[in-house]
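Here the structure comes first, spelled out in C-alpha cells, and everything after it is commentary.
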Amino acid sequence: MKINIPVKKYLPYYRRINFLLLALFIFNAAYATSKAPFPKKTKRILFLGNSITYAGKYITDIEAYFITHYQKQQFEFINLGLPSETVSGLSELNHADGKFPRPDLHERLARILAQVKPDVVFACYGMNDGIYLPFDAKRFQAFRNGIKWLHSELEKSNAKKIIYLTPPVHDDKELGTKGYNLVLDKYSEWLLSQKDSLQWEVADVHTATTQYLERARLTQTDFKLANDGVHPDDLGHWLIARAVLEYLGENVNAVPDVQAALQVHPQGKEIYNLVSQRQAIMKDAWLKATGFKRPGMAPGLPLTEAQQKYAQIEKQIRAILKR
C-alpha cells in the first residue's frame, strides 16, 4: 500500500526540527569545549614559582589527575620553579646567611619562554615577595610591578592561557595565620581583584589553604600544613592542586587527597609514582637547560637525555592506561 505524505504541508516542521537539532549540536559542542581543561592544541603547560613550586608535588598531583581523567589527551607539565625566587626583585640583606640574594624571575624568564614555548602558564608568587616582614607599601608595589611585568611578557609569548595562583597560607610559629599571612592576604586580594579589573585568571590557593588550616585548628590546635610554616606537606600540596583543579572546572571539592582523586583508575597509584619519578628528572633538567644563578641546586641531566627518559616513562604510563 502506498502512503502519500504531504511533504509541503510538513516542510516547515521539518525545518524547525532540523534547526533545533543543529542548535542542540552547537550547544553541546560549545559545552564540551567549555569543559575541556585547557585550550585546543595545548601541549606544554609551564609552572613558574618559588620553592613550593620547585618541590612540585602539587604539579605531580595535577598531572596524575589529568592523565587518569583525560586519558586520550596528552600534556607536558613543565616545572620551572626556583627556590627562594621572587617576581618583585627584592631580597633580604642577609638572605641565606649572606651566601646569595634571592633569585629574581626577571633574570631568567626570557630564556624560559624562548625554550619552553608554553601554551599554558601557571605562576605562583608572593610568599617570598613580602620578605617575611610586616606589610610595606613599597614592597607591595614591587610585587605588583613584577606581576604586571610578568603578565606583559607572557602575553608577548603568545601563551593561550595565563593563570595566577595566590600564595599558599603562611603559618607563623607564634601568630598562626595572623602573622605574615596577613601580608599574603593583601597580596592575594590584589591578585584576585585583577579578575574583575583586567579579566586575569586567578585560582585562589590562599583562601583555600588558610581556611582549611583555620578549620582544622578548631579541633586540633597543633595541626599543621607546613612544619616550617612555609613549605606545605603532602596534604598542603593537594590543597593547592585541588584549588587549581576546581578553578579549571573539575569536581574535586570533596576529594580528601590525591589518592582518592586517582581511584578512577585501578592503577592510579602506580601512575602517580611514575609521574612523580618523571617530574623529579625533568624539573632539574629544565632548570639546567634554561639557566639560573641560584647556588646549591641539583645539577640536572642534559635536556636531551632527560627527554629520552621522559619518553620511556610515558610509554610505561600509556601501557598501564590500556590495561
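Residues whose amide H lies under 5 Å from that of residue 202, counting only those 5 or more places away or on a different chain, are 164; hydrogens are built 1.01 Å from N in the peptide plane. Once the mean 1/r over all distinct Cα pairs of the chain is inverted, what Kirkwood radius in angstroms do you read off? Over the chain, the inverse of the mean reciprocal pair distance is 21.6 Å.
Using the alpha-carbon centroid of each, what span in Å lies between the range 284-323 and the range 131-166? Answer, in whole Å: 28.
The residues packed around residue 134, meaning those with a beta-carbon under 15 Å from its beta-carbon, carry a net charge of -2 if Lys and Arg are +1 and Asp and Glu are -1.
Among the listed pairs 43/156; 138/160; 148/293; 117/186; 156/195; 161/224, a Cα-Cα separation exceeding 26 Å is found for 138/160; 117/186; 161/224. Every helix of 4 or more DSSP H residues in the chain counts as -39500 (n - 2.57), and over all residues that averages to -17000 deg cm²/dmol at 222 nm. Across the chain, the longest piece that holds none of the GluC sites (Glu not before Pro) lying in DSSP loops with up to 13 other C-beta atoms within 10 Å covers 175-323.
When you restrict to C-alpha pairs under 8 Å that are six or more residues apart and normalise by the size of the range 40-321, the relative contact order lands at 21 percent. A cut-off of 5 Å between modelled amide H atoms, ignoring neighbours fewer than 5 places along the same chain, links residue 169 with 209, 210. So which aspartates and glutamates can residue 315 reach, going by Cα to Cα under 15 Å and dropping same-chain residues fewer than 8 places off? Within the straight-line cut-off, residue 315 pairs with 76, 270. Amide H to amide H distances under 5 Å link residue 78 with 45, 46, 47, where only residues 5 or more positions off or on other chains count and H is placed in the peptide plane. Phi angles across the range 156-164 convert, under the Karplus curve 6.51 cos²θ - 1.76 cosθ + 1.60 with θ = phi - 60°, into 3J(HN,Hα) values of 5, 6, 6, 4, 6, 8, 10, 10, 8 Hz, Gly and Pro given as x.
Where a number appears in this text, it was derived from the coordinates with a stated rule and is not lab data. All values derive from a computational prediction rather than experimental measurement. Positions of Cβ are backbone-derived with ideal geometry, glycine not excepted, and every protein chain shown enters the neighbour counts.
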